[in-house]
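Read the structure below first, then the notes.
Readers should treat all values here as calculations from the given coordinates under stated rules, not as data from a laboratory. Since we're looking at a predicted model, the values are computed, not measured. Heads up, the Cβs are rebuilt from the backbone with ideal geometry, glycines too, and the neighbour counts pull from every protein chain shown.
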Amino acid sequence: MLFLGFSAGLPLLLILGTLSFWLREAGIDRSTIGYLTWVGLIYAFKWVWAPLVDKLPIPFLTRFFGRRRSWLLFAQTLIIVGLIGMASVDPKVALNPIVWCALLVAFGSATQDIALDAFRIESADSDRQAALSATYQTGYRLALIWSGAGVLWLAARVEVGSGTYDVAAWQFAYLCMAASIGIGVLTTLFSKEPVPVQLARVRNAKEWLYQTLIEPFAEFLGRYRWHAVIILGLIAIYRISDVVMGIMANPFYVDMGYTKDEVAAVSKVFGVIMTLTGAFVGGVLTLRFGVMRILFLGAILSAVSNVLFAWLANQGHDLQGLIWVISADNLSSGIASAAFIAFLSALTNIRYSATQYALFSSMMLLLPKWLAGFSGVFVDSFGYQTFFLGTAIIGAPVLLLIWLAIHFRMVEFKKHDAAVSREQ
C-alpha cells in the first residue's frame, strides 16, 4: 500500500499544482492556469468507466496478472506515456499539446485509482481498512511531495541561470517523474492478486449491464435510503477548501518571489515531516475516536490552514512564515485525508468495490474542481488574501453535514437497540 499509494499520488500535482508553477514561470496568465485545472475533472467522472474496470478483463494482461493488477499495469503505462509527452513540449511555444498529454495522464491516473481502490478494499477485511488507508495515504502524500517539491528541486539543479525560465530543466524533471511511476509498476508486478469476489453468474447482456452499471448504485441507495443524500453531500464538499485553494498555491509562490529551491526545501523538509505525522495521527485518532469525529476535526483544521495562507499573503517574501504555513497545511491535510479515506472505504460494499469507491471519490472532486477553474479569475479581481479567506469560508457547510451524519447514526443505533429489546 505504501508504494502503490506513491504511484497513485504522483500524477496529481504533475497535471495540476506543479504544472501551474511551470506555466506561471513560462508567463501563462493566472486565468488560463485556473481554467486548465478542469483537466482534473476527469477524476470526477471516473465512475463512468469504473464498472468496466470492475468487470472487464484486458486481453492477455488479465490472463497473466489477474483482474486488478492488469488494470493497474495498463493505467500506469498510460501515465508514463502522457508524462513523456508533456516533457517533449514547451508550453510557452505550444500549450495545446501539454493539455492533451495532461488529459492522458489524468485518464490513466483516474483508472489507476479505480483499480487500486478495489485492490486495497479486497486485500483486507474492514477492521484493517483504517490501517491500510493510513499507509496508503503516507505513500500518496510522499508522492505529492516528490511531484511537488521534487520536481522543483530537480528543475532548479539543471536550469541555466537562477530565476530565469529554462524549459529544458522542466522537461528533465518531468522525465524523472515518468521514471518514478516505475515504482508502481514494479510493486504491481510483485504483488499478490486479491482473491476475486464470487458474483452471480450472468445469463445475458441485459443482466450483465444491470449488474455492472445499475446494481452497484442501487445497492448503495437501498442500503442507506434517504441518509444517502447526507452522505453524498458530505462526500461532494468535504475537500472543497483544500482543492480550490491548492490550484493557486504555486502561482502564489511565484508571484511572492519564492524560488524553486525555497519552495522545494520547505515542502521537502517540513512538508514531509508534517505529512507523515498527519497521516499517522489521522489513522491512530480514527481508530481511537471513530471516523466521524476525526472527519470533523479535519474539516476545521483545513479551514484554519487556509486562513494562514491569507495571513502569509500580507507578509510578502517571508521564508519563515512559509515554513509554518506549509507545515500546518500538510499536517491538517494528512489528518483529514486519512479519516476521509477510511470513511469512504467503510461505505463500500466489497461486491462492487471498484464502482462504488469510484463514485464516491469522483463526487469528492466534481464540485471542487469545477469551482477551482475560476480561481485565477477570482485572484485577478480580488487578490490572494481574499481568495484564501474565501476558500476557508466555503468549507463551513461541511461541519453541518458531518453533524447530520453523526446524528443520523445515533438515531439508527437507538432504533436498532429498541428493536432488539422488543424481540427479547
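For the pair residue 189/residue 324, report the inter-label distance in nm, with labels modelled 7 Å from Cα in the Cβ direction.
A separation of 4.8 nm, rounded to one decimal place.
Measure nothing fancy, just the Cα-based angle from helix 396-423's long axis to the longest principal axis of the chain, in degrees from 0 to 90, nearest 10.
20
How would you order 146-154, 40-48 from highest to lowest mean count of nearby Cβ atoms within 10 Å? Working shown, then result.
Details: 146-154: 23.6, 40-48: 20.1.
Those peptides, ordered most packed to least, come out 146-154, 40-48.
What order do you get for 403, 226, 22 when you list them from fewest to most C-beta neighbours inside 10 Å?
226, 403, 22
Could you tell me how many degrees, from 0 to 90 and to the nearest 10, lie between the Cα long axis of helix 67-86 and the main elongation axis, the longest principal axis, of the Cα atoms of the chain?
Once rounded, the angle reads 20 degrees.
Could you run the Debye sum over the Cα atoms of region 279-338, one equal point scatterer each and no solvent, and tell me log10 of I(q)/I(0) at q = 0.27 Å⁻¹, two decimals?
-0.98
Can you report the principal axis dimensions of the chain using only the alpha carbons, biggest first, rounded to whole angstrom?
So the extents along the principal axes, rounded to whole Å, are 76, 49, 33.
Provide the packing ranking of 239-249, 269-279, i.e. peptides ordered by the mean count of other C-beta atoms within 10 Å per residue, highest first.
On the way: 239-249: 24.5, 269-279: 20.6.
In decreasing order of mean packing, 239-249, 269-279 become 239-249, 269-279.
Test of understanding: extend the Cα→C-beta vector of residue 157 to 7 Å, then name every residue of region 8-40 with backbone N under 16 Å from that spot.
Answer for region 8-40: none.
Sorted by mean Cβ packing within 10 Å, highest first, what order do the peptides 94-106, 315-327, 66-78, 334-346 take?
Values: 94-106: 18.2, 315-327: 16.4, 66-78: 22.9, 334-346: 25.5.
Result, highest mean Cβ count within 10 Å first: 334-346, 66-78, 94-106, 315-327.
Using only DSSP helix segments of four residues or longer, with each worth -39500 (n - 2.57), what per-residue ellipticity at 222 nm results for the chain after dividing by its residue count and rounding to 500?
Values: 25 runs with 324 residues, N = 424.
Calculated at 222 nm, the ellipticity per residue is -24000 deg cm²/dmol.
So, counting K/R as plus one and D/E as minus one, what does the shell of residues with Cβ under 12 Å around residue 344 add up to? Mind dumping the intermediate values first?
Values: positive: 120, 239; negative: 113, 117.
Summing Lys/Arg as +1 and Asp/Glu as -1 gives 0.
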